[in-house]
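Notes follow the structure.
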Amino acid sequence: DDIHVTYRSVPWANWYETYVTAIASGSAPDISTGAGFQAVQFYSMDAIYPVDDLVKEMEANGSAKDFAPGTLEAMKYDGHYVALPWAIDLRALFYRKDVLEAAGQKVPTNWDEFLAVSKAVTKDGIYGVVSSGDATGMHWILSAMINNGGGLFDADRKPNLTGEKSLAALNFLSSFATEKVLNPASAGYTNDDALGSFNGGKAAFYLSSPSTADQAGKEKDKVGVVPPLTST
């Protein structure tokens, strides 16, 4: 029999609210994409089925090997596969070449240099860093904690938000606010607002997805990627 599929695209800004509402009303889609952590959340709510049988079938026919190492296991929670990975959305720290050049600064190589360069470029309405107050702003916190050897959870999957290395990363990030190098409007910004500020040359650094440079339009040649920062 023919299978008829109705596709619906939902803006990411209100994707979660739309999906939760659909669950509550009994009109959730048969299949959906979303962030990896959301699969864990919805499984815990008993709102989605595990895909264990599908994974077993893929392991049997060898197609499970097509996944990048570790990505399939990342979708395992409470002994069950709660979703299949279909993309890895990385985060990178982007910088404006023109902003750094105007301030006579080089691309930072470690976290201390990152803060120092941010201080040096912050003037005349330009800030070292711009972020957002929505969920995407959380990427700064996660990236900093993991880079410093911490993270939300430890190797035993126990909460690690107050672990020594996680706290050190959080305290360091807070210094961007106390040193006034973070655009103070960031708390009220959406990710689109932050991107607009960065593309407009009003911030030197911006953490986001690899598509950031392509979204810069005519400013694309002025956007670079900061190599992974090291500890000092």
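The values are calculated or read from the model by the stated rules, or taken from the named source; none is laboratory data. It should be emphasised that the depicted structure is a prediction, and the values quoted were computed from it without experimental measurement. For neighbour counting, all protein chains shown are included, and Cβ atoms are generated from backbone atoms with ideal geometry for every residue, glycine included.
Numbers for the structure displayed
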{"quantity": "Complete set of residues in segment 72-92 that are within 15 Å of Gly34 (Cβ to Cβ) and out of contact with any Leu (no Cβ under 9 Å at 6 or more places or on another chain)", "calculated": "Ala74, Tyr77, Val82, Ala83, Trp86, Ala87, Ile88, Asp89"}
{"quantity": "Of all residues making up segment 79-112, the number that are under 24 Å from the mean Cα position of the chain (by Cα), more than 14 Å from Val55 (Cβ to Cβ), surrounded by fewer than 17 Cβ atoms within 10 Å (Cβ to Cβ) and of a type outside the set (A, V, I, L, M)", "calculated": "6"}
{"quantity": "Conditions (1) crowded, with 20+ Cβ neighbours inside 10 Å; (2) farther than 26 Å from Ala102 by Cβ; (3) among the polar types (S, T, N, Q); (4) at pLDDT 95 or above: number failed by Ser174", "calculated": "(1)"}
{"quantity": "Segment 160-183: number of residues that are out of contact with any strand residue (DSSP E or B) (no Cβ under 6 Å at 6 or more places or on another chain) and closer than 11 Å to Ser131 by Cβ", "calculated": "2"}
{"quantity": "Where a residue in segment 133-155 is of a type in the set (Lys, Arg) and its partner, wherever it lies, is part of a loop (DSSP other than H, G, I, E, B), with Cβ under 7 Å and at least six apart", "calculated": "none"}
{"quantity": "Members of segment 21-64 found to be small (Gly, Ala, Ser) and either in a helix (DSSP H, G or I) or more than 27 Å from the chain's Cα centre (by Cα) (or both), listed by number", "calculated": "Ala22, Ala24, Ser25, Gly26, Ser27, Gly36, Ala39, Ser44, Ala60, Gly62, Ser63, Ala64"}
{"quantity": "Cross-chain or 6+ apart pairs with Cβ under 8 Å, segment 52-67 first and without any contact (Cβ under 8 Å) to a residue 24 or more places away in the chain, then not in a helix (DSSP H, G or I)", "calculated": "Ala64/Leu72; Phe67/Pro85"}
{"quantity": "Positions within segment 6-57 being more than 24 Å from Asp89 (Cβ to Cβ) and either of a type in the set (Gly, Ala, Ser) or not assigned by TED's automatic domain parsing to the domain that holds Lys76 (or both), in sequence order", "calculated": "Thr6, Ala24, Ser25, Gly26, Ser27"}
{"quantity": "Criterion violated by Ala13 - all others in (1) part of a loop (DSSP other than H, G, I, E, B); (2) under 30 Å from Asp193 (Cα atoms); (3) touching a residue at least 24 places away in the same chain (Cβ under 8 Å) satisfied", "calculated": "(1)"}
{"quantity": "Single residue of segment 6-20 satisfying the filter (over 17 Å from Thr136 (Cβ atoms) and aromatic (Phe, Trp, Tyr)) that is nearest to the chain's Cα centre (by Cα)", "calculated": "Tyr19"}
{"quantity": "Unmet criterion (only one of (1) at pLDDT below 95; (2) closer than 27 Å to Thr190 by Cβ; (3) not β-branched (Val, Ile, Thr)) for Asp2", "calculated": "(2)"}
